[in-house]
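I have placed the structure first, in the form of structure tokens, so that the comments after it can refer back to it.
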Amino acid sequence: SGRARPDSASGPAAGEGAAGPAGPAGAGPSEEDLAAAGLRLEVDGAVATLTLDRPERRNALTFATWRTMAAVGASLPPSVRVVVVRGEGPSFSAGIDLSQFTGEGGEGFPDGSDAAETEAFIAGLQDGYTWLRRPDLVTVAAVHGHAIGGGFQLALSCDIRIVADDVKFCMKEPALGLVPDLTGTKPLVEIVGVPRALELCLTARTVLADEAARLGLAERVVPREDLDGAVQELVQALLAVNAEAAVATKRLLWQAPENTLEQQAAAERREQVARLRALSALRPTP
Ligand code: ACO
């Protein structure tokens, strides 16, 4: 299965191979599946670039987008270390395609009358984002223009956000009578704290680039025309670091908020034992 919970302590054990919890990559979604889901995927050695590619709809997200993203995560080749998520056209993403609420052109949103069925439906959509936290990948959101609702939550699901100076983050769900349910509330609170997360969500206001940087919602802000270059620079820097150490360190860092100091110190020791063993196995015996 491609599902992973590296944000809890249940990630793969120290020293596990870089292929990660997805195991060996299977056949991924076809070009047709990707296009129908409004996605484009390019894999170039250690780097996968996932592009939201429905610019005429401001990269609005459909059920197919989330399900196909889950399938992409489950089928990435083990060579991939870094995933860049970006948007084509004027916006990163305008959030859920509003036609999904009306059921226009197919499946509609469940009405909640069957709680278990509705939760299973939402879980299937959440799977589209959770793999972005897998420790064997470093995920980078390259965000420009609007990142609304499910689009904002997608950016929050990535490890690092590089944003253009025209970025507009907005958690719009409460304004539509909904809660943010695409796994964005946890990273939002981890980044900005409960009071600020409350203020942002409950007013559904828009956060611009300067404030995003101040709040920690962006690791870097660059002029719009420099976004791709800044992302490439970051990707090269990420790839220059020892691959196994990067996996172990990501696993360690994502556990930290949950752990006590003692638990975290023990986790550091365990990871370091695995690292030292791996490094000494590489050393020539005297
Ligand atoms: N769902 C479906 N279609 C959309 C969406 C969307 N979320 N967002 C934009 N589009 C369509 C527009 O209807 C328009 O279609 P048309 O050309 O047939 O008229 C086209 O994309 C371009 O959109 P414009 O509004 O013309 O573009 P503009 O750049 O002026 O505005 C903006 C962009 C601000 C994103 C605006 O389109 C908007 O507010 N969209 C809705 C955002 C929203 O409420 N999303 C849901 C959030 S909640 C969640 O994600 C769970």
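Quickly run through segment 231-286 and pick out the residues that are under 29 Å from VAL140 (Cβ atoms) and among the basic types (Lys, Arg).
Those that are under 29 Å from VAL140 (Cβ atoms) and among the basic types (Lys, Arg): LYS250, ARG251, ARG270, ARG275.
Are any residues in segment 154-168 more than 12 Å from ILE191 (Cβ to Cβ), more than 15 Å from the ligand (Cβ to nearest atom) and of a type outside the set (Asp, Glu), and if so, which ones?
ILE162, VAL163
Do we find a residue being closer than 19 Å to ALA37 by Cβ and away from the ligand (no atom under 16 Å from the Cβ) anywhere in segment 88-109?
no
List the helices (runs of 4 or more DSSP H) that sit entirely inside segment 210-286 and contain at least 2 residues that are in contact (Cβ under 8 Å) with a residue 60 or more places away in the chain, surrounded by fewer than 14 Cβ atoms within 10 Å (Cβ to Cβ) and over 18 Å from the mean Cα position of the chain (by Cα).
261-282
Tell me, please, whether a residue that is within 30 Å of LYS172 (Cβ to Cβ), out of contact with any Gly (no Cβ under 8 Å at 6 or more places or on another chain) and not hydroxyl-bearing (Ser, Thr, Tyr) can be found in segment 255-262.
Looking for residues that are within 30 Å of LYS172 (Cβ to Cβ), out of contact with any Gly (no Cβ under 8 Å at 6 or more places or on another chain) and not hydroxyl-bearing (Ser, Thr, Tyr), one finds at least one in segment 255-262, hence yes.
Considering only segment 271-281, I want to know if a residue exists there that is in contact with a helix residue (DSSP H, G or I) (Cβ under 9 Å, 6 or more places away or on another chain), under 30 Å from MET171 (Cα atoms) and among the basic types (Lys, Arg).
Checked segment 271-281: no residue is in contact with a helix residue (DSSP H, G or I) (Cβ under 9 Å, 6 or more places away or on another chain), under 30 Å from MET171 (Cα atoms) and among the basic types (Lys, Arg).
In segment 133-152, is there at least one residue being aromatic (Phe, Trp, Tyr), in contact (Cβ under 8 Å) with a residue 24 or more places away in the chain and within 11 Å of the ligand (Cβ to nearest atom)?
yes
Hey, could you check segment 172-202 for residues that are charged (D, E, K, R) and near the ligand (Cβ under 10 Å from one of its atoms) and say which is surrounded by the fewest Cβ atoms within 10 Å (Cβ to Cβ)?
That would be ASP181.
From the set of residues in segment 78-87 that are under 14 Å from the mean Cα position of the chain (by Cα) and of a type in the set (Val, Ile, Thr), which is farthest from the ligand (Cβ to nearest atom)?
VAL82
With the requirement that a residue be within 16 Å of the ligand (Cβ to nearest atom), in contact (Cβ under 8 Å) with a residue 40 or more places away in the chain and either surrounded by fewer than 18 Cβ atoms within 10 Å (Cβ to Cβ) or more than 14 Å from LEU132 (Cβ to Cβ) (or both), what does segment 39-60 give you?
Scanning segment 39-60 gives ARG57, ARG58, ASN59.
Given the conditions (1) part of a loop (DSSP other than H, G, I, E, B); (2) touching a strand residue (DSSP E or B) at 6+ places or on another chain (Cβ under 8 Å), and given that ASP136 satisfies all but one, which numbered condition is not satisfied?
With respect to (1) part of a loop (DSSP other than H, G, I, E, B); (2) touching a strand residue (DSSP E or B) at 6+ places or on another chain (Cβ under 8 Å), ASP136 is out only on (2).
SER75 versus (1) under 17 Å from GLU173 (Cβ atoms); (2) more than 11 Å from the ligand (Cβ to nearest atom): which is the lone unmet condition?
Result: SER75 fails condition (1) only.
Within segment 175-193, can you find the residues that are closer than 20 Å to ARG161 by Cβ and of a type in the set (Val, Ile, Thr)?
Hits for segment 175-193 are THR183, THR185, VAL189, ILE191, VAL192.
Pairs under 7 Å by beta carbon, first residue over 28 Å from ASP226 (Cα atoms) and touching a residue at least 24 places away in the same chain (Cβ under 8 Å) in segment 165-184, partner of a type in the set (S, T, N, Q) and more than 8 Å from the ligand (Cβ to nearest atom), six or more apart or different chains?
Cβ pairs passing all conditions: LEU182/GLN126; THR183/GLN126; THR183/THR130; THR183/SER157.
Kindly evaluate PRO135 against the criterion of being at pLDDT 95 or above, of a type outside the set (Phe, Trp, Tyr) and within 16 Å of the chain's Cα centre (by Cα).
yes
In segment 149-208, which residues are under 12 Å from the mean Cα position of the chain (by Cα), part of a helix (DSSP H, G or I) and not polar (S, T, N, Q)?
GLY150, GLY151, PHE152, LEU154, ALA155, LEU156, PRO187
So THR65 fits all but one of (1) touching a residue at least 12 places away in the same chain (Cβ under 8 Å); (2) surrounded by 14 or more Cβ atoms within 10 Å (Cβ to Cβ); (3) closer than 17 Å to GLU173 by Cα; what number is the exception?
(3)
The values are calculated or read from the model by the stated rules, or taken from the named source; none is laboratory data. Since we're looking at a predicted model, the values are computed, not measured. Backbone-built Cβ (ideal geometry, glycine too); neighbour counts: all protein chains shown.
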